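Undergrad: Have a look at this one before I ask anything.
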Amino acid sequence: MADVERWKREAAEAAVELVRPGMIIGLGHGSTARYALHKLAMLIRSGKLRDVRGVPCSKKVEEEAQALGIPLTTLEECPELDLTIDGADEIDPALNVIKGGGGAMLREKIVAQATRYQVIVAHEGKLSPRLGTQAAVPVEVLPFGWRTHLPFLESLGAKVSLRLDQQGVPVRTDQGNYILDCYFGPIPQPGELAQALDARAGILGHGLFVGLVDEVFVAGPRGLRRLRA
């Protein structure tokens, strides 16, 4: 476990070296992206990075960034970002990823679509020959009529479970929606599955990020590697 945390830190801190003064940065959600957040804050406090502003991908990240003293902005003020550093639950050889283990995939995808250069940071255990081999695909749904999506998702090959908290209450996203964790197994065509999910009324977002990632910083026993699309 100590090695995994070290690798996560190595990958995240290496990615922060891409940040330049004056940039608008997407601040990703999750345990690996958190290392990048802290490194960024340290560089800002030391004066090594100036005029950098961040757009948080979740309320939790917003609160932590504020506590760390990172200047923030919004997509309304800055609809185009220079760089986003985020984590992932699973990464395939084409740099498609599954995100949303932390429940922030809708905001993360909006930020990813608004950024010029999307970077994923991870340890080697997140690499996979096919998406779905290790991770479920989180699907964010409107609470109204959420059960109507179960037959649809099952028809696509998923085993579906409603995400619950420790008290057995449905987890709510920052938008107040539910999350359905969909276990597809290895997904042969993630782009086609993403399109099917996008077309369904009531599905507001999902964790398949297809064709959105420009580079992955990954660390492990073989050291740090940079994978490009």
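The values are calculated or read from the model by the stated rules, or taken from the named source; none is laboratory data. Only a predicted model underlies this, so the values are computations on that prediction, with no experimental measurement involved. Note that we place each Cβ from the backbone using ideal geometry, even for glycine, and neighbour counts take in every protein chain shown.
Undergrad: Sort out which residues of the range 107-136 are touching a Leu at 6+ places or on another chain (Cβ under 6 Å) and buried (at least 21 other Cβ atoms within 10 Å of the Cβ), and write them in order of number.
TA: ALA112, THR115, GLN118
Undergrad: Still on this structure, please answer the following. If I ask for residues that are part of a loop (DSSP other than H, G, I, E, B), at pLDDT 95 or above and of a type in the set (Gly, Ala, Ser), which ones from the range 189-229 would you list?
TA: Residues satisfying the conditions are ALA199, ALA201, GLY202, GLY207, GLY211.
Undergrad: Among GLY211, GLY205, which is the only one that is in contact (Cβ under 8 Å) with a residue 60 or more places away in the chain, surrounded by fewer than 16 Cβ atoms within 10 Å (Cβ to Cβ) and within 15 Å of the chain's Cα centre (by Cα)?
TA: GLY211
Undergrad: So which strands (runs of 3 or more DSSP E) stay within the range 97-188 end to end and still have 1 or more residues that are not assigned by TED's automatic domain parsing to the domain that holds GLY30? Walk me through it before giving the result.
TA: Working: elements: 118-123, 137-141, 159-162, 178-183.
Passing ranges, in order: 137-141, 159-162, 178-183.
Undergrad: Could you check, for the range 157-173, whether at least one of its residues is in contact with a Phe, Trp or Tyr (Cβ under 6 Å, 6 or more places away or on another chain) and surrounded by 19 or more Cβ atoms within 10 Å (Cβ to Cβ)? Step through it out loud before you land on a result.
TA: Restricting attention to the range 157-173, the residues satisfying the condition of being in contact with a Phe, Trp or Tyr (Cβ under 6 Å, 6 or more places away or on another chain) are 157-159, 170.
Narrowing further to those that are surrounded by 19 or more Cβ atoms within 10 Å (Cβ to Cβ): 158.
Yes; the residues of the range 157-173 include at least one that is in contact with a Phe, Trp or Tyr (Cβ under 6 Å, 6 or more places away or on another chain) and surrounded by 19 or more Cβ atoms within 10 Å (Cβ to Cβ).
Undergrad: If LEU75 passes every condition in (1) buried (at least 17 other Cβ atoms within 10 Å of the Cβ); (2) closer than 18 Å to GLU108 by Cβ but one, which one does it miss?
TA: So the condition that LEU75 fails would be (1).
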